[in-house]
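Engineer: The structure follows.
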Amino acid sequence: MAAPVLGIDLGTTNSVVAMASADGSRVLPGADGSKLVPSVVSFHPSGSVLVGAKARDRRLIDARNTVYSVKRLIGRPFRSSEVTRAKERFPFDLASSPTGGVLVKSRGESYTLSEISAFVLREVRSRAEASLGMSCSQAIITVPANFNELQRAATKAAGRVAGLDVLRILNEPTAAALAYGFSAGRRERVAVFDLGGGTFDLTILDLAGEVFEVLATAGDTYLGGDDLDTLLADAMADSFLQEHRSDLRQDKQAFERLRAAAEWAKCQLSHDDEVQLRVEELAYGENGVALDLDFTTTRGTLERLATPLFGRCFDVCEDAMKAAGLRPSQLDTVILVGGSTRMPLVRRMVAEYFGREPRTQVDPDLVVAEGAAIQGLALSTARRKKTSQASLSDSTVGRKQPAVLTEETAPRAVPLAALQLSKMPASEVGDAAAAAAPDSTRWSSAPPPEDEGTGEVMPLDESMLEEQPQPSLPPPVPPAAMSIAPPPPPVASLAPPPVARPSGPVANPAFQPPREANPAGLDAPDSHFPPPPGTEAPGMTPPLGSPAVTAPPALGTTPLLLDVTPLSLGVETVGGYCETIIQKNAAIPTEQTRLFTTALDGQTEVAVRICQGEARRIESNQLLGELQLLDLPAAQRGKVKVEVTFILDADGTLQARAADPATGKEQTVRIQLVGAIADADVGAMRERIEARYAPPG
């Protein structure tokens, strides 16, 4: 028997592993019967590394060397606002990596966040191998629909470090829809409401026969049960301060114990109206007397804290509904995913917004892993592999392919020291270009300095100047600049900036979406969230053929998954503006090609900064990294032309290639992602994990 492709839900609080066969999918439990693996890693004084429940227990006594909730930070630059907030909150030490990413420091050593996640993946892999009695090396790993390119790349790297061949990075809402066995010969519009421990997103899918098409997705990658734990822990700290005049927030270890207690209380209040808890020896008073906390709270109190927090979910829902061109009443089904959706408050809010009771028959903590396993089963057959890699076409998915700008569609290149852009009338470029460029008449180039340049430029929207910059990477020191060959006139060109710098243009595809999982910290197995009365036991899918759940597709009819990009993808233009290449919610896989020319005499290299986000200013978007074109032939400026193609695959992973259109010779292209792990380092990290990892037992 060949080893199955594992379906892994790598969650914020808990992770789950499942497998599928022709008989259906099932979650693989640990030796103790638990189906959830706490996504916690603890560095023990002995030098070993504990993962899962044992690591979670050490969080209460050694918070500084116990790492959790890294899913909220994976793939984020160290200078991002999210990491800055985390440094203030987390008890473990965070530092910047040489590539601008985030490192965890513990017991004199440094670990990338991909390594931390790899320890968790190694644990779930061990669990699967013990359960199945065979070695397992292939997996589908799920991510929040709103994860950006950096986060997806970091997750895939974690799988490689854990010794896994990651066949696909799958969006969590899409996996959940697969697990529910939708679309057995009928058409449905389904909303997947995914609220976990660290992130939230809403995904709208159109399900027709074997085609699962994502219409729109929107999300918040820093919203989840973790935040409610912190709010309740703050309330507990205020109570302790009032009684003992000692602020536990100043003691990271003590506050970590409060957060663990808050999480437990939150889970209990999903089925109890009131909880009482006692946390002993949080501090010491006069003469060394231990100070304890006795705290009582009610479901009503918790819901007052949670209402404004989770109310943000419905702003995201509005964004997704508008992008899909639908209203809640036009949906057929709403399903809940993620541990935080067990809260009665969340279920009431969802029912009120969508005007119908959400479906919860499949355990919200397990549904994503089961769906990933179903997709793994599909990819394990030659037929399904061929289908999953097929290019999108009008005949198969009913969507127009993006326009490709080549020598024929772009006029003579005009050498500039900065990027040139133009507005393209749809009538001149064609229907395909119009589909790829929703706003084809928008000018996106920045105005030249007042004392420079005479190019005719349309005035900018005032809102562009009101963007509040977010923390960003220091500007790269590029080898040289490059210009883009403008499409049909009129052309809006920019005068060269005072200092030559890498303002490159590039056409490029966007990347892909995501989901989040469970609340942060210490979630015990399924017992923390007993199922509401009248529903199936945790982890059990209702019998096939029941009115609530349709039978999963047969092996030969596993749905074709058509996803979208969660965020726009673009490049830096002169003046610090961002030119969008792939629009948010564009269908993937896709690719875009643009024609470039060199901007300086003798130029042999060029660097272009790539960003992701919806803001007009590049510093307000997420900087992904830098594209470098190397080994260009030295010639007069404007004489060397390069076609740069950006490819976004079904995972939402960005690739690039470049070619000389005159000779057909391919150029060397390198994308340097912020915080990326070099291929040469993966092997060394894997060896360190195998040497330090303490297997379950």
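The values are calculated or read from the model by the stated rules, or taken from the named source; none is laboratory data. On a predicted model such as this, the values are computed, not experimentally measured, just so you know. Note that each Cβ is placed from the backbone with ideal geometry, even for glycine, and that neighbours are counted across all protein chains shown. The accessibility values were calculated without ligands, DNA or RNA, using every heavy atom of the protein model including side chains. Shrake-Rupley method; radii C 1.70, N 1.55, O 1.52, S 1.80 Å.
Engineer: Which one of these does D93 not meet: (1) exposed (fewer than 15 other Cβ atoms within 10 Å of the Cβ); (2) at pLDDT below 95?
Structural biologist: Here D93 meets the rest and fails (2).
Engineer: Something else now. Are any residues in segment 336-355 outside any helix (DSSP H, G or I) and surrounded by 16 or more Cβ atoms within 10 Å (Cβ to Cβ), and if so, which ones?
Structural biologist: To start, the set of residues in segment 336-355 that are outside any helix (DSSP H, G or I) comprises 336-338, 343, 355.
Hits for segment 336-355 are L336, V337, G338, M343.
Engineer: If you don't mind, another one. Of the residues that make up segment 588-597, is at least one modelled with pLDDT of 80 or more, touching a strand residue (DSSP E or B) at 6+ places or on another chain (Cβ under 8 Å) and at positive phi?
Structural biologist: Checked segment 588-597: no residue is modelled with pLDDT of 80 or more, touching a strand residue (DSSP E or B) at 6+ places or on another chain (Cβ under 8 Å) and at positive phi.
Engineer: Any residue in segment 279-296 that is on the phi > 0 side of the Ramachandran plot sitting within a Cβ distance under 7 Å of a residue that is open to solvent by less than 90 Å² (accessible area, probe 1.4 Å) and of a type in the set (G, A, S)? List the pairs, counting only those 6 or more apart or interchain.
Structural biologist: Correct list of pairs: E281/A290.
Engineer: Continuing with the same structure: Six or more apart or on different chains, Cβ atoms under 6 Å: show the pairs whose first residue is in segment 222-250 and without any contact (Cβ under 8 Å) to a residue 24 or more places away in the chain and whose second is of a type outside the set (A, V, I, L, M) and in a helix (DSSP H, G or I).
Structural biologist: The qualifying pairs are A237/R249; R249/F255.
Yes or no, residue by residue, for (1) part of a helix (DSSP H, G or I); (2) modelled with pLDDT under 95; (3) of a type in the set (S, T, N, Q):
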| residue | (1), (2), (3) |
| --- | --- |
| T296 | no, no, yes |
| G300 | yes, no, no |
| P308 | yes, no, no |
| G311 | yes, no, no |
| V334 | no, no, no |
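Engineer: Let me ask something else. Please tell me if A260 is open to solvent by less than 50 Å² (accessible area, probe 1.4 Å) and touching a strand residue (DSSP E or B) at 6+ places or on another chain (Cβ under 7 Å). Full working, then the answer.
Structural biologist: Values: open to solvent by less than 50 Å² (accessible area, probe 1.4 Å): yes; touching a strand residue (DSSP E or B) at 6+ places or on another chain (Cβ under 7 Å): no.
Spelling it out, it is not the case that A260 is open to solvent by less than 50 Å² (accessible area, probe 1.4 Å) and touching a strand residue (DSSP E or B) at 6+ places or on another chain (Cβ under 7 Å).
Engineer: Condition first: part of a loop (DSSP other than H, G, I, E, B) and buried (at least 22 other Cβ atoms within 10 Å of the Cβ). Now tell me which residues in segment 590-607 satisfy that.
Structural biologist: A599, Q603
Engineer: Please go through segment 34-70 and pick out each residue that is open to solvent by less than 40 Å² (accessible area, probe 1.4 Å), of a type in the set (G, A, S) and part of a helix (DSSP H, G or I).
Structural biologist: A55, A63
Engineer: If I filter segment 112-132 for residues that are within 30 Å of I204 (Cα to Cα) and not hydrophobic (A, V, I, L, M, F, W, C), do I get at least one hit?
Structural biologist: For segment 112-132, residues within 30 Å of I204 (Cα to Cα) and not hydrophobic (A, V, I, L, M, F, W, C): present.
Engineer: Would you call G652 in contact (Cβ under 8 Å) with a residue 12 or more places away in the chain, within 30 Å of L560 (Cα to Cα) and crowded, with 22+ Cβ neighbours inside 10 Å?
Structural biologist: yes
Engineer: Oh, and also: In segment 240-257, which residue that is acidic (D, E) and part of a helix (DSSP H, G or I) is most open to solvent (accessible area, probe 1.4 Å)?
Structural biologist: E243
Engineer: Here's another thing I want to ask about it. Which ones in segment 270-314 are open to solvent by 40 Å² or more (accessible area, probe 1.4 Å), under 21 Å from F240 (Cβ atoms) and within 36 Å of the chain's Cα centre (by Cα)?
Structural biologist: Across segment 270-314, the qualifying residues are E274, T298, T301, R304, L305.
Engineer: Would you mind listing the strands (runs of 3 or more DSSP E) fully within segment 160-220 where at least 3 residues are closer than 23 Å to M19 by Cα and open to solvent by less than 10 Å² (accessible area, probe 1.4 Å)? Outline the logic, then answer.
Structural biologist: On the way: elements: 165-171, 187-195, 200-208, 211-220.
Qualifying strands (runs of 3 or more DSSP E): 165-171.
Engineer: What pairs come up if the first residue lies in segment 618-629 and is of a type in the set (D, E, K, R), the second is assigned to a loop (DSSP other than H, G, I, E, B) and surrounded by fewer than 24 Cβ atoms within 10 Å (Cβ to Cβ), and their beta carbons are under 6 Å apart, counting only those six or more places apart or on different chains?
Structural biologist: E619/P469; E619/S472; E626/P476
Engineer: Are any residues in segment 658-697 β-branched (V, I, T) and open to solvent by 80 Å² or more (accessible area, probe 1.4 Å), and if so, which ones? Lay out the reasoning, then the answer.
Structural biologist: Within segment 658-697, the subset β-branched (V, I, T) is 663, 668-669, 671, 674, 677, 682, 689.
Answer for segment 658-697, where residues must be β-branched (V, I, T) and open to solvent by 80 Å² or more (accessible area, probe 1.4 Å): just T663.
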